[in-house]
Structure formats: structure tokens, C-alpha cells
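Asks: After the C-alpha cells below, expect a handful of questions from me.
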Amino acid sequence: MHHFSSADWVDFAHGLVSADRKTAIEQHLERGCQDCSTSSSFWRNVVEIGRSEGRFEPPAEAVTRVTNAYRTEKPASRLLEWANLARLIFDSALHVSPVAVRAAVQASRQLIHESGPFTIDLRLEPDLGRKCIYLTGQIMNTENAAERAEGIDIILLRNGEQITKTEVTPTGEFCLDYNPAEDLHLFFNIRGLKGIAIALPEMDS
């Protein structure tokens with residue numbers, strides 16, 4: 001017995017076959033071909049589902065909820081709200097240097113911060129040629145010196161917007177450079193812990 005192809009049943013379900021072809025298909029079904037009857041029923045259901053999808057319109061409230069749940073935001077925009085602000089415990093600019101050292105111009109600046117078990121040592125070095133600040137540093141877990149620091153991301157923020165991003169080495173060291181500006185923060189994204197934020201000073205001051 002001759003059977004019709006899937007393409008025939010798709011066209012038949014959409015009503016796209018010629019009159020002669022339609023008559024032949026209907027007569028074939030009337031003879032009781034079970035395989036073709038199953039195929040015809042399947043493709044009629046597929047076509048009907050496709051048509052009903054076009055008529056479906058979700059409730060406006062549901063659309064609003066889904067839109068709000070997946071609203072696109074800049075990831076850095078709220079990082080400072082989720083961070084602990086590190087405490088400054090040392091700033092070389094605030095300590096009197098020996099006379100011989102004071103006689104020279106000290107361009108670099110060292111800062112040491114603490115937050116929980118972490119100590120963060122920063123060194124800021126102006127690059128006059130590039131008109132930028134070269135920052136090097138290290139983050140250490142003072143309660144567990146053997147713990148490796150790999151996997152910690154560092155994000156430089158200005159007014160809450162990401163400027164640049166880097167990652168510490170297994171020993172906790174990192175470096176980056178940036179243009180002097182106001183409202184600069186370093187955000188330390190530590191896996192499994194609350195982030196740490198450090199407000200960077202204005203070197204011009």
C-alpha cells in the first residue's frame with residue numbers, strides 16, 4: 001500500500017494541497033491506513049499548536065514580573081553596596097619621614113588596609129610620562145597565611161562604574177594602572193565571602 005510522506009501531511013494539515021491531491025489523501029484515510037491516520041493526526045495537532053501560539057498573549061502582570069526579574073544592570077553598579085569598606089591603618093603620606101628622606105620629593109604612596117582576616121598592601125606610583133597612576137599590591141589572609149589567594153577578582157570603579165578588572169596571583173599580588181580621578185574604589189570579589197572595598201586617594205592632593 002502506498003503511504004504519503006511527512007511533507008504531504010504537513011501540506012494537508014495547512015490546507016496547501018491541490019484538490020486532486022486532497023481527494024486522494026482523504027480516500028486513502030477512508031480505506032483505514034493506520035500509519036497514515038496516525039501521521040495525519042500528529043501533523044494536524046502540530047499545526048494547531050503553532051496557530052494557537054500566535055493567538056496567545058500572556059497577562060501584562062506576568063510580563064512585568066519577568067522583565068523586572070531579568071532586568072539588565074551593569075554588574076558593577078551595586079558592588080559597593082555589597083562590600084565591607086576596609087579600614088586604613090597606614091598611609092605613608094600621613095607619616096613624617098626622616099630628614100634625609102624628606103629632602104627628596106616622594107612621589108609614591110603606600111597604603112595598608114584591613115578588613116576581617118585580610119590585610120591589603122597598596123603602592124601608588126605616578127607615571128608622569130603616561131599621566132597615570134601605576135598601582136601594585138598584595139592581599140593576604142593574616143589568619144591563615146598558607147591559604148592561596150587565587151580566584152580573587154579586583155575591579156576598579158569610578159562613580160560605581162567599572163573602569164578595569166584584574167585577578168590576583170596565587171600569592172595575592174596584583175597590578176593595574178589608571179588615570180587620576182575622583183571617587184575611585186577598588187572592589188575585591190572574594191569567593192564565598194562578602195566583598196571588600198577600598199577608597200583610593202587623589203594623588204594630586
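The values are calculated or read from the model by the stated rules, or taken from the named source; none is laboratory data. Just so it is clear, the structure is predicted and the values come from calculations on it, not from any experiment. Glycine gets a Cβ as well: all are built from the backbone with ideal geometry, and neighbour counts include every protein chain shown. Accessible surface is based on the protein model in full, side chains and every heavy atom, while ligands, DNA and RNA are left aside. Shrake-Rupley method; radii C 1.70, N 1.55, O 1.52, S 1.80 Å.
Asks: Considering each of Ser205, Ser115 in turn, give the residue that is modelled with pLDDT under 90 and under 22 Å from Arg87 (Cα atoms).
Replies: Values: Ser115 fails: modelled with pLDDT under 90.
When all the criteria are applied, what remains is Ser205.
Asks: Right, Lys194: closer than 14 Å to Leu79 by Cα, loosely packed, with under 15 Cβ neighbours inside 10 Å and not small (Gly, Ala, Ser) or not?
Replies: Numbers: closer than 14 Å to Leu79 by Cα: yes; loosely packed, with under 15 Cβ neighbours inside 10 Å: yes; not small (Gly, Ala, Ser): yes.
Yes: the conditions hold for Lys194.
Asks: Cβ-Cβ distance below 9 Å, separation of 6 or more or different chains: which pairs start in the range 185-197 with a residue that is of a type in the set (Phe, Trp, Tyr) and end on one that is open to solvent by 30 Å² or more (accessible area, probe 1.4 Å) and assigned to a strand (DSSP E or B)?
Replies: Phe187/Gln162
Asks: (1) at pLDDT below 75; (2) basic (Lys, Arg); (3) open to solvent by less than 100 Å² (accessible area, probe 1.4 Å): which one isn't true of Arg55, the others all being true?
Replies: (3)
Asks: If I ask for residues that are open to solvent by 50 Å² or more (accessible area, probe 1.4 Å) and part of a strand (DSSP E or B), which ones from the range 122-134 would you list? Give the steps one after another, and end with the answer.
Replies: First pass over the range 122-134, keeping only residues open to solvent by 50 Å² or more (accessible area, probe 1.4 Å): 123, 125, 127-131, 134.
Answer for the range 122-134, where residues must be open to solvent by 50 Å² or more (accessible area, probe 1.4 Å) and part of a strand (DSSP E or B): Arg123, Glu125, Asp127, Tyr134.
Asks: Could I ask something else about it? At pLDDT 90 or above, part of a loop (DSSP other than H, G, I, E, B) and either aliphatic (A, V, I, L, M) or surrounded by 14 or more Cβ atoms within 10 Å (Cβ to Cβ) (or both) - does that describe any residue in the range 138-151?
Replies: No, every residue in the range 138-151 fails to be at pLDDT 90 or above, part of a loop (DSSP other than H, G, I, E, B) and either aliphatic (A, V, I, L, M) or surrounded by 14 or more Cβ atoms within 10 Å (Cβ to Cβ) (or both).
Asks: Taking the range 1-19 as the region of interest, how many residues are in contact with a helix residue (DSSP H, G or I) (Cβ under 9 Å, 6 or more places away or on another chain), hydrophobic (A, V, I, L, M, F, W, C) and farther than 14 Å from Asn45 by Cβ?
Replies: 4
Asks: Being in a helix (DSSP H, G or I), modelled with pLDDT of 80 or more and either under 55 Å from the mean Cα position of the chain (by Cα) or surrounded by 11 or more Cβ atoms within 10 Å (Cβ to Cβ) (or both) is the filter here; which residues of the range 13-28 pass it? If you could, list the steps in order and put the result at the bottom.
Replies: Step one: list which residues in the range 13-28 are in a helix (DSSP H, G or I), which gives 13-14, 19-28.
Filter once more, keeping what is modelled with pLDDT of 80 or more: 13-14, 19-27.
Hits for the range 13-28 are Ala13, His14, Arg21, Lys22, Thr23, Ala24, Ile25, Glu26.
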